[in-house]
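Undergrad: Take a look at the following structure, please.
The values are calculated or read from the model by the stated rules, or taken from the named source; none is laboratory data. From a predicted model like this one, the values you see are computed outputs, not experimental measurements. Counting neighbours? That spans all protein chains shown, and the Cβs are built from the backbone with ideal geometry, glycine included.
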Ligand SMILES: Nc1nc2c(ncn2[C@@H]2O[C@H](COP(=O)(O)OP(=O)(O)O)[C@@H](O)[C@H]2O)c(=O)[nH]1
Ligand SMILES: [Mg+2]
């Protein structure tokens with residue numbers, strides 16, 4: 001007897017392709033597979049071993065063989081969803097895959113919604129919500145580093161310590177209540193100082209996680225590098241050198257680049273997102289001035305700033321404005337046009353810790369600059385949280401813990417301490433998927449592909 005809860009979907013890549021994967025999950029999935037897959041030798045699929053690949057015939061809904069391929073079952077709870085699951089690995093033809101799905105539907109399965117397999121995994125406790133979000137990160141990873149980061153998140157790199165932290169805070173709260181409720185019994189006294197120390201360490205850890213999130217865009221979008229400078233110093237020429245082709249327009253006319261021009265490059269497996277910007281000066285037109293505003297924004301938002309100066313000309317106030325702009329940024333100075341006769345660049349050398357002399361025209365000195373970019377790229381080994389939802393909760397939880405800590409230190413009323421500690425525990429819980437609104441969970445899973 002087939003239950004109604006079996007979902008089925010195509011889970012493979014673009015068709016036609018080498019292999020198509022049709023996946024099913026739910027109680028009754030094995031019965032459906034028995035109806036559509038006939039092993040060449042031996043027992044029925046429902047009697048095969050967990051995880052064993054079985055060779056046989058795939059049957060269309062009219063019972064006729066339509067493919068000769070492999071199938072496999074996974075027994076609950078040892079599957080991705082935690083339910084009984086089945087997979088058929090067909091030849092990668094659209095016709096075969098549709099026929100396989102039609103067969104599954106005619107035997108009682110229903111089409112899976114986007115992310116429904118993962119959602120079931122979450123509901124069945126196979127992963128927490130943060131880990132489920134890492135599955136989406138894995139699918140959408142654009143770089144090797146992005147995938148490695150997502151894989152670590154999926155394995156619970158941050159989820160496990162967060163779950164432990166939540167437990168710790170809940171225990172603290174329980175202890176506190178116990179002392180209040182049974183003050184005459186033999187319960188260890190509640191030490192505010194000790195509680196405050198524990199909480200403070202946890203708040204540090206949460207703040208560190210949040211700072212990591214702010215750097216996480218670099219994992220998939222590339223480490224942002226803004227090339228800034230006054231007009232005509234050779235920003236676009238340098239940008240094109242780094243890009244490896246004539247991406248931005250170069251002329252000897254000031255004010256040529258009016259918008260931020262972006263291009264991604266990969267250096268030693270690391271992705272950089274380069275931005276060529278409009279030359280910063282008193283602009284001569286509305287469009288140029290708007291471009292200049294964008295240059296400031298790009299410099300402000302970038303992880304690294306490359307400030308370009310024309311080494312063949314005396315420094316002027318416009319150059320000094322650039323020096324000022326870079327004061328609080330991780331930046332390097334580039335003294336360009338080293339192929340020409342040089343001028344005094346002492347002010348640049350004094351203001352920047354790192355200075356490169358290059359010629360964007362003939363390529364001299366570019367490698368030293370790319371070396372600096374690589375050295376200053378975020379550490380590869382560090383695993384960062386990537387989701388905005390998680391980051392916002394973590395930030396609030398850190399604040400709640402800081403407030404709880406303060407109340408504990410000041411010896412404020414028990415209520416103040418408890419309220420904040422409880423709020424922190426709830427927020428951390430939400431990162432992991434406890435007490436999360438159904439719409440929020442639904443929103444998370446709907447971003448997945450069908451079949452995942
Ligand atoms: N001699 C020399 N000229 C350069 C060099 N880099 C750029 N230029 C010239 O300087 C002018 C302005 O270059 P461009 O890249 O458009 O500067 P931007 O306004 O800062 O983007 C163009 O005529 C370039 O050919 C260089 O290294 N050496
Ligand atoms: Mg330019």
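Undergrad: Provide a single number: the residues in segment 277-306 that are within 14 Å of ligand 2 (Cβ to nearest atom) and within 14 Å of residue 229 (Cβ to Cβ).
TA: Residues in segment 277-306 being within 14 Å of ligand 2 (Cβ to nearest atom) and within 14 Å of residue 229 (Cβ to Cβ): 10 in total.
Undergrad: Within segment 164-273, which helices (runs of 4 or more DSSP H) (wholly inside it) include 1 or more residues that are more than 16 Å from ligand 2 (Cβ to nearest atom) and crowded, with 18+ Cβ neighbours inside 10 Å?
TA: 192-215, 217-221
Undergrad: Here's another thing I want to ask about it. Output the number of residues of segment 44-76 satisfying the condition of being exposed (fewer than 15 other Cβ atoms within 10 Å of the Cβ) and part of a strand (DSSP E or B).
TA: 3
Undergrad: Let me ask something else about it. Pairs only if they're at least six apart or on different chains, beta carbon under 7 angstrom, first in segment 358-375 and in contact (Cβ under 8 Å) with a residue 24 or more places away in the chain, second within 8 Å of ligand 1 (Cβ to nearest atom) and part of a helix (DSSP H, G or I); list them, first residue then second.
TA: 360/237; 360/238; 361/237
Undergrad: With the structure loaded, tell me whether residue 341 is part of a loop (DSSP other than H, G, I, E, B), farther than 20 Å from residue 268 by Cβ and in contact with a helix residue (DSSP H, G or I) (Cβ under 8 Å, 6 or more places away or on another chain) or whether it fails that test. Before the answer, list the steps.
TA: On the way: part of a loop (DSSP other than H, G, I, E, B): yes; farther than 20 Å from residue 268 by Cβ: yes; in contact with a helix residue (DSSP H, G or I) (Cβ under 8 Å, 6 or more places away or on another chain): no.
Answer is no for this residue.
Undergrad: Another question, then. Quick one: in segment 327-350, of everything that is buried (at least 18 other Cβ atoms within 10 Å of the Cβ) and more than 16 Å from ligand 2 (Cβ to nearest atom), which residue is nearest to residue 224 (Cα to Cα)?
TA: Narrowing segment 327-350 to residues buried (at least 18 other Cβ atoms within 10 Å of the Cβ): 331-338, 345, 348.
Next, from what is left, pick out any that are more than 16 Å from ligand 2 (Cβ to nearest atom): 331-333, 335, 338, 345, 348.
On the way: 331: 12, 332: 14, 333: 16, 335: 21, 338: 26, 345: 27, 348: 23 Å.
Checking each candidate, the answer is 331.
Table: residues versus (1) farther than 30 Å from residue 428 by Cβ; (2) at pLDDT 90 or above; (3) within 16 Å of ligand 1 (Cβ to nearest atom).
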| residue | (1), (2), (3) |
| --- | --- |
| 217 | no, no, no |
| 229 | yes, yes, yes |
| 245 | yes, no, yes |
| 257 | yes, no, yes |
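Undergrad: Another question, then. Checking the conditions here, which among 318, 324 is within 16 Å of ligand 2 (Cβ to nearest atom), over 18 Å from residue 242 (Cβ atoms) and at pLDDT below 95?
TA: Of 318, 324, the one residue that is within 16 Å of ligand 2 (Cβ to nearest atom), over 18 Å from residue 242 (Cβ atoms) and at pLDDT below 95 is 318.
Undergrad: Could you identify the single residue in 307, 302, 333, 287 that is in contact (Cβ under 8 Å) with a residue 40 or more places away in the chain and either over 22 Å from residue 223 (Cβ atoms) or within 16 Å of ligand 1 (Cβ to nearest atom) (or both)?
TA: Values: 302 fails: either over 22 Å from residue 223 (Cβ atoms) or within 16 Å of ligand 1 (Cβ to nearest atom) (or both); 333 fails: in contact (Cβ under 8 Å) with a residue 40 or more places away in the chain; 287 fails: in contact (Cβ under 8 Å) with a residue 40 or more places away in the chain.
The unique qualifying residue is 307.
Undergrad: Residue check, residue 359 against (1) at pLDDT 95 or above; (2) surrounded by fewer than 19 Cβ atoms within 10 Å (Cβ to Cβ), all met but one. Which one?
TA: (2)
Undergrad: Can you work out which of the residues in segment 266-280 that are at pLDDT 90 or above and over 20 Å from the mean Cα position of the chain (by Cα) is farthest from residue 371 (Cα to Cα)?
TA: 277
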